[in-house]
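What follows is a single structure, written as C-alpha cells, with notes after it.
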Amino acid sequence: MLTYLIRRLFAAVVLLVVVVLAVFSIFFLIPKWTGIDPATMYVGKVTDQAALEGVREKLQLGEPILVQVFEFFKGILVGRDYVGGGSVTHCPAPCFGYSFNTEQAIWPQLTDRFPVTFALAIGAAVLWMIIGLGAGVLSALKRGTLWDRGAMVFALGGVSLPIYFTGLISLAIFAGSLGWVRRDYTPLEDSFTAWFSGMVLPWVTLAFLFGAMYARLTRATMLEVMGEDYIRTARAKGVREPVVIRKHAMRSTMTPILTLLGVDLGMLMGNAILTETTFSLPGLGQAVLRAIDQRDLPLILGVTLITALAVVIANLVVDLMYGVIDPRVRLG
C-alpha cells in the first residue's frame, strides 16, 4: 500500500505541474501568439498607456518564455515581487497572481471565498451519495417493483431539471412561503444555526441533481454485479444475503461511483456559479462573475488554478480509495 501511495502522490505532483503550465499558457502565451497583448487583459478596464507599460514591465512580458514560466512557479512557491514603474509590489506565497485593478493579491481573495464553495460541495456530496447509493441499491434489489419504477422516474426528473429552476422553486416554497430555512447566507463563525439554515437548500438542490445521476448509475452497476459468478458462488456457499450485498456486491459497485465522484466533486468546486448565484452565496462562483464583469483577469486565473487543483486532489483521493476498496488496484 505504501508503494502504491507514493506512486500516486508522485503522479499527482507531476499532473499539478502540467496543470500550472497549461493555465500559464492559456492566460499568457496563447493571447500573445494570437496577437493580443496580455497586459491589456491583465490590467482590467484601464486603458491608460502608462498603466499598460507598467504592467508589461512588472509581469516581465518582454522576457523569454522560460523566464516568465520560472517567475510564475516561483510566485506560487515562495512569493513574487512585481518591479516596474519605479515601484515594487510584493505578492506573498502562494502567489496566484496580483490584481493591478483592485490592488490586491489573489490568494487572500480566494481563501476568503473558498470555504463557502468547499462547504457547498462537501455537504451536497454527502447528501447525494446517501440518496443516490441508497435509492440505486434498493432499485436494483427490487427490480421491476413499484419502488424501482418510482425511484427511476424521480431520478429522471432530477437529471432533467436545471439547478436554477429547482433552486428558485425551493426558495419560493421553503424559504418564502413556509419560512423553514433562511434565504440569506450567514458566516459559520457568526452562528452555526443560521449558517446551517442558509446552506440546507443549496445542499438539497445540488443533491437532487447529482443524487439522481448516482441513483441511475448505482442501479445499472448493481444489476450487472449481482449477475456475476462470484455472487452466485457466495450465495451457493450459504453466505447470508446482507453479507453478499455489503461485502461483495457493493465493493465492486463503488468503483465507477468513486470515479464519477472524483470528477464531480472537483468540478463542483469551480462550477458552482449557478448555485451560488441562485442562493446568493459568497463563494468562488460569485467571485468569477465579478471578475468577468470587471475584466479582472488575475482573479479568473486564480479561480481556474484552484479549480484545476481541486480536480487533481479529488481524483488523487479517489485513487487512494480505490486501493482500499479493491486490493487488485494495489497489486496492479
### Message
Test of understanding: in a Gaussian network model of the chain with alpha carbons linked when under 10 Å, which of GLN109, GLN49, GLN294 would top the mean-square fluctuation ranking?
### Response
GLN49
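Please compute the net charge surrounding SER87, taking Lys and Arg as +1 and Asp and Glu as -1 over other residues with Cβ under 12 Å from its Cβ. Can you show the working numbers first?
Details: positive: LYS58; negative: GLU57, ASP81, GLU103.
That works out to -2.
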### Leading residue at positive end of dipole, the chain (Cβ point charges), from TYR164, PRO242, GLN49
PRO242
#### Entry: Cα gyration tensor shape for the stretch 114-172, rounded if a/c is under 1.5, else prolate or oblate
oblate
### Calculated [θ] (222 nm, deg cm²/dmol) that DSSP helices of n ≥ 4 give over the chain, each run adding -39,500 (n - 2.57)
-22500 deg cm²/dmol
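So how many Lys-Lys pairs in the chain land under 25 Å Cα to Cα, not counting same-chain pairs under 8 apart?
Details: LYS32/LYS45; LYS32/LYS58; LYS32/LYS74; LYS45/LYS58; LYS58/LYS74; LYS142/LYS237; LYS142/LYS247; LYS237/LYS247.
Qualifying lysine pairs in the chain: 8.
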### Query
Debye sum, Cα scatterers, the chain, no solvent: what log₁₀ I/I(0) at q = 0.07, 0.08, 0.11, 0.12 1/Å?
-0.40, -0.51, -0.86, -0.97
### Dipole magnitude (debye, nearest 20) for the stretch 134-205, charges at Cβ of Lys, Arg, Asp, Glu
400
### Summary
Charge dipole of the chain built from unit charges on the beta carbon (Lys, Arg +1; Asp, Glu -1), centred at mean Cα; most positive-end Cα among MET267, LEU223, PHE192 is LEU223
### Query
At what distance in angstrom do the alpha carbon centres of the stretch 251-300 and the stretch 120-157 lie from each other?
23
### Query
How large is the dipole of the stretch 1-151 about the Cα centre if only Lys and Arg carry +1 and Asp and Glu carry -1, each at its Cβ, rounded to the nearest 20 debye?
900
### Query
If you place +1 on the Cβ of every Lys and Arg, -1 on the Cβ of every Asp and Glu, and leave all else neutral, what size is the dipole of the stretch 181-255 about its Cα centre, to the nearest 20 Debye?
480
### Summary
When the charge dipole of the chain is computed with +1 on Lys and Arg Cβ and -1 on Asp and Glu Cβ about the Cα centre, the Cα farthest towards its positive end, among PHE70, THR253, VAL318, belongs to THR253
### Task
Before anything else, pin down the relative contact order of the chain: Cα pairs under 8 Å, at least 6 apart, normalised by residue count, whole percent.
23
### Summary
Note, the stretch 288-294: 3J(HN,Hα) by Karplus (6.51, -1.76, 1.60, θ = phi - 60°), whole Hz, Gly/Pro = x, goes 5, 4, 5, 5, 5, 5, 9
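Looking at the chain, identify the longest residue range that excludes and avoids all GluC sites (Glu not before Pro) in DSSP loops having at most 14 other Cβ atoms within 10 Å. Kindly include the intermediate steps, with their values, before the conclusion.
Values: sites that count: GLU103, GLU189, GLU228.
Here the longest segment lacking exposed loop sites spans 229-332.
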### Query
Sequence-distant or interchain residues sharing an amide H contact under 5 Å with GLN104, placed H: which?
SER99
#### Entry: Length-normalised contact order for the stretch 260-309 - Cα pairs under 8 Å, 6+ apart - percent
34
### Task
Could you work out which residue, out of ARG183, ARG56, ARG149, moves most in a Gaussian network model of the chain, that is, has the largest mean-square fluctuation with Cα springs under 10 Å?
ARG149
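Just so you know, all these numbers are worked out from the coordinates, no wet-lab data involved. Bear in mind that the values here come from a model prediction, so they are computed numbers and not experimental data. Cβ atoms come from the backbone with ideal geometry, glycine included; neighbour counts cover every protein chain shown.
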